[in-house]
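Where a number appears in this text, it was derived from the coordinates with a stated rule and is not lab data. The model shown is predicted, which means the values in this text are computed figures rather than measured ones. Because the Cβ atoms are built from the backbone with ideal geometry, glycine has one as well, and the counts that use them run over all protein chains shown.
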2 protein chains.
Amino acid sequence: MRFIATTSSDGVTEQLFTLGEIPGVLWTPEGAAGTRPLIVMGHGGGQHKKAPGIVARAQRFVADGDFAVVAVDVPGHGDRPTDPEYDRIATENQARVDAGEELAPLIADFQALVARQTVPEWRAVLDAVQELDHVGAGPVGYWGVSLGCGLGVPFVAAEPRVRAAVLGLGGALASGEVAARISVPVEFLLQWDDERVPRAQSLALFDAFASVEKTLHANPGRHGEIPLFELDSAVRFFLRHLGR
Amino acid sequence: MRFIATTSSDGVTEQLFTLGEIPGVLWTPEGAAGTRPLIVMGHGGGQHKKAPGIVARAQRFVADGDFAVVAVDVPGHGDRPTDPEYDRIATENQARVDAGEELAPLIADFQALVARQTVPEWRAVLDAVQELDHVGAGPVGYWGVSLGCGLGVPFVAAEPRVRAAVLGLGGALASGEVAARISVPVEFLLQWDDERVPRAQSLALFDAFASVEKTLHANPGRHGEIPLFELDSAVRFFLRHLGR
């Protein structure tokens, strides 16, 4: 793990790093020392580790929860090179949608393919970050919607260190079978007028989680329009389950 | 409005009253003076104004929000005499269910009938309580699930003083058309394994509200098993919309 740059503002320290070929960013409380809960965040499709929605949420998690937060670029996103294989599939999928095929199953297959790469990458990042003195081996949470849900469900299912997850804007086609292996508390976000994920698919994914505690929060609006008050709810959800 | 008994404990004053033939209870912060937001609570079927689930929530609303809270007995419940007409219908409905008819449409018709009596009753209670010096004409909220939703939807639709409502455990069969006249913020509780209200009916009721801000909270469990953390959420919802 190699640190590239460290900056601090408003009580939050941001450290850019690389782990092998994976570019990442770690946020911690300024002057942090000792073990603390860690939230892994997965960004959306076409976004990157420092997309505004990721940064704003990470800052709240650090400020309100005294948590550490880590996010990395998904292959083909942010500071990572384009991947010819993924590009080929994306182009092919666009052609199939133009020819009248349904979008959701194509997204599902694509996310499952990418997850085969990102699950081991994120687990390696978790190993490395938990070695740091100001993070340590505390409880771990996961936050990710849309692509961050499609990749997050297999990550949470595979990683026993994750104790609670905020997921959403994803459907059962992509993640239903894997979701049935998740038993930690889940807060699941659904946009009632989502133009990308059919409502029934989202409800089916919520249904699939094996968690005793799972809570569905559905709000009006399109895919990208999660209301601000859901961030307050996510903070409280992580405080409840990761402690502090 | 006639006050019958006043007691205080843990900072909450409880005043039993009657308004005409309606027995009610008003909770306020001990020593309260001046105008404050008021939450009207509707109890569930077979319950009454001081059912444990009502009292526990009312105490939290008073303690955490500095709100006033009022609840009255629904006809045929609590300290009210049995109503021969309602009793006759209930007996008849039970026979129809035993004979194989669906329960949900029967409940829907029954609640619509009772609402024709309770909406004007609750509006009269609201008039009277807002005359009191320690309540006053502040913003009004409504909380009610199950029967409290079936009767609450027509109340919230009819009463412009209500600015925010927590509803749930109810279906579109009972309240769908009236719900379309509600435009204030709604937090809607759905139990994923509800044995009394079909899930599709609950989702359809949530869909029917005309509110720009409405949020569906669905949790695993049966009709009576709303998780405790939803009370925390209701407190914050009312604080956000009724101010304080």
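Points worth noting:
- Residues that are touching a Leu at 6+ places or on another chain (Cβ under 7 Å) and more than 18 Å from residue B:149 (Cα to Cα), drawn from region B:90-107: B:93, B:96, B:97
- Number of the exception - residue B:188 against (1) hydrophobic (A, V, I, L, M, F, W, C); (2) buried (at least 23 other Cβ atoms within 10 Å of the Cβ); (3) under 22 Å from residue B:52 (Cβ atoms); (4) facing chain A (nearest Cβ under 10 Å): (3)
- Selected residue [in contact with a Ser or Thr (Cβ under 9 Å, 6 or more places away or on another chain) and hydrophobic (A, V, I, L, M, F, W, C)] from A:68, A:56, A:33, A:51: A:68
- Matching entry among A:236, A:181 (being surrounded by fewer than 18 Cβ atoms within 10 Å (Cβ to Cβ), over 20 Å from residue B:208 (Cα atoms), in contact with a helix residue (DSSP H, G or I) (Cβ under 6 Å, 6 or more places away or on another chain) and among the basic types (Lys, Arg)): A:181
- Enumeration of residues in region A:227-236 that are within 18 Å of the chain's Cα centre (by Cα), at the interface with chain B (Cβ under 9 Å from one of its Cβ atoms) and not in a loop (DSSP other than H, G, I, E, B): A:230, A:232, A:233, A:236
- Checking region A:209-226 against the condition returns a match, with at least one residue being among the small types (Gly, Ala, Ser), closer than 27 Å to residue B:240 by Cα, crowded, with 19+ Cβ neighbours inside 10 Å and within 14 Å of chain B (Cβ to nearest Cβ).
- Any hit, region B:93-114, residues being without any contact (Cβ under 8 Å) to a residue 60 or more places away in the chain and within 30 Å of residue B:5 (Cα to Cα): yes
- Test for residue B:52: is it at negative phi and without any contact (Cβ under 8 Å) to a residue 12 or more places away in the chain: yes
- Some residue of region B:28-46 being part of a loop (DSSP other than H, G, I, E, B) and touching a Lys or Arg at 6+ places or on another chain (Cβ under 7 Å): yes
- Residues (in contact (Cβ under 8 Å) with a residue 24 or more places away in the chain, under 23 Å from residue B:177 (Cβ atoms) and out of contact with any strand residue (DSSP E or B) (no Cβ under 6 Å at 6 or more places or on another chain)) located in region B:127-162: B:146, B:147, B:150, B:153, B:154, B:155, B:157, B:158, B:159
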